[in-house]
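To start, the structure under review is shown below, and the notes come after it.
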Amino acid sequence: MNSGAPIRILLVGEAREARRLRGLLESDGSEQFRIAHVPAMELAAERLSRDDTDVLLLDIGPDQSQGRAIVRAATTAAPRVPTVILSESEDESLAVELLQQGVQDFLAKGRLDCAALRRSLRYAIERHRVQKTLQSLSLIDDLTGLHNRRGFRAFAEQHLRLILRKGAALLVYVDLDGLKTINDTYGHLEGNRALIATANVLRASFRQSDILARLGGDEFCVLMTDARQNTAQQVRKRLQRRVDFTNALPNVCFRLSLSIGIAQVPVVHQPPLEELIRLADALMYEEKRNKQARVPVSCSLSHPVSA
């Protein structure tokens, strides 16, 4: 939402309710709110996909069971849009239940006035923004901006289900070699730069739809949910090119070296995510053991991959 622009409201409900609410919001000639109207949630989904709605105002009607279904559909269709409920009921237990489902406010029509409606809409937008920010912070690694371990688990579990339809996936486990040596030799600031450089190598080597994470310390993980056109060898070549590019940059004290394990994700009889991570981790350590001991400069990427 642009600063100073009208708050864009999408009402799901009857046309007469849209007229009533428009009258409330514009009672003093204010142009701070703009209401669009659709009669059903099915029609709202397409409108919400255009990203031109700041807040969803949902009239659930008198049927509470139907109202619950409408709210579930709304929170599924528009998780990024704050939702405010309009209800003919003042049922507190229903209000608590719907708030637990993710709506931002529950308004009883009989008690609604201009000030309460405006306040609710503004507060809903701000609360939703804060919640999303906090949620993002809890799933993001502070240093690299990649997902952290918690974020990786949350998103990877969801995306693994897509493999049944797309038919191919790879789990890539990456370890930054020699981080302790970089820290001891050049200081932790350079160690942090090496971690950030590794994250940038991953960003440049994979698609936005892939799940990238720093699991902790010097360990990173990537889930490629659609790898039909990517073999393990191709993935390694892309990573090697980005490593070479990074090592050719001026004013860098360290040289980047990565150990990599790549596990294929079965389409059928898919193992749990943690088992896939353990397999890719083991393959990565196999590569690390095969490298020459204590060689500070190495950019070679070997080729272990699960069958």
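Please treat every number below as a calculation from the coordinates, not as lab data. Quick caveat: nothing in here was measured; it's all calculated off a predicted structure. Because the Cβ atoms are built from the backbone with ideal geometry, glycine has one as well, and the counts that use them run over all protein chains shown.
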Efficiency by 1/(1 + (r/R0)^6): what FRET value for Ser49 and Asn290, r their Cβ-Cβ distance, R0 = 51 Å, to the nearest 0.05?
-> 0.55
What is the Cα centroid distance between segment 1-73 and segment 88-129, reported in whole angstrom?
-> 13 Å
Cβ-based charge dipole, segment 168-259, positive-most Cα from Gln233, Val172, Pro250 | Gln233
So the angle from the long Cα axis of helix 188-205 to the longest Cα principal axis of the chain, reported in degrees to the nearest 10, equals 70 degrees
Specify the angular offset, from 0 to 90 degrees and rounded to the nearest 10, of the alpha carbon long axis of helix 232-247 from the longest principal axis of the alpha carbons in the chain.
-> 80 degrees
Helical contribution to [θ] at 222 nm, DSSP H n ≥ 4, -39,500 (n - 2.57), averaged over the chain, rounded to 500 | -15000 deg cm²/dmol
Percent antiparallel among DSSP beta bridges confined to the chain, nearest 5, equals 50 percent
Say the dipole of segment 110-206 comes from +1 at the beta carbon of Lys and Arg and -1 at that of Asp and Glu; which of Ile196, Thr133, Leu117 then lies farthest toward its positive end?
-> Leu117
Find out how many positive minus negative residues lie around Pro39, taking Lys and Arg as positive, Asp and Glu as negative, among other residues whose Cβ is under 14 Å from that of Pro39.
-> -2
Divide the volume of the convex hull of the Cα atoms of the chain by its number of residues and quote the answer in cubic angstrom per residue.
-> 169 Å³
Quickly rank 263-272, 206-215 as a protection proxy: mean count of other C-beta atoms within 10 Å, highest first.
-> 206-215, 263-272
Taking the chain as the reference, fit the longest principal axis to its C-alpha atoms, fit the long axis of helix 273-290 to the helix C-alpha atoms, and give the angle between the two in degrees, 0 to 90, nearest 10.
-> 20 degrees
Two-site label geometry, Arg8 and Tyr123: point separation in nm, points 7 Å out along Cα→Cβ | 2.6 nm
Among Ser89, Ser205, Ser30, which one moves the most in a GNM of the chain with springs linking Cα atoms closer than 10 Å?
-> Ser30
Using the Cα centre as the reference, give the magnitude of the dipole from point charges on the C-beta atoms of the chain (Lys, Arg: +1; Asp, Glu: -1; all else neutral), rounded to the nearest 20 debye.
-> 1040 debye
For Ala116, what is the net charge nearby, where nearby means another residue's Cβ is under 15 Å from its Cβ and Lys, Arg count +1, Asp, Glu -1?
-> +2
GNM on the chain, Cα springs under 10 Å; top mean-square fluctuation among Ala282, Ala124, Ala36 goes to Ala36
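Just to confirm a number: summing +1 for Lys and Arg and -1 for Asp and Glu over residues other than Asp28 whose beta-carbon lies under 15 angstrom from that of Asp28, what do you get? Please list the in-between numbers first.
Working: positive: Arg22, Arg118, Arg119; negative: Glu26, Glu31, Asp113.
That works out to 0.
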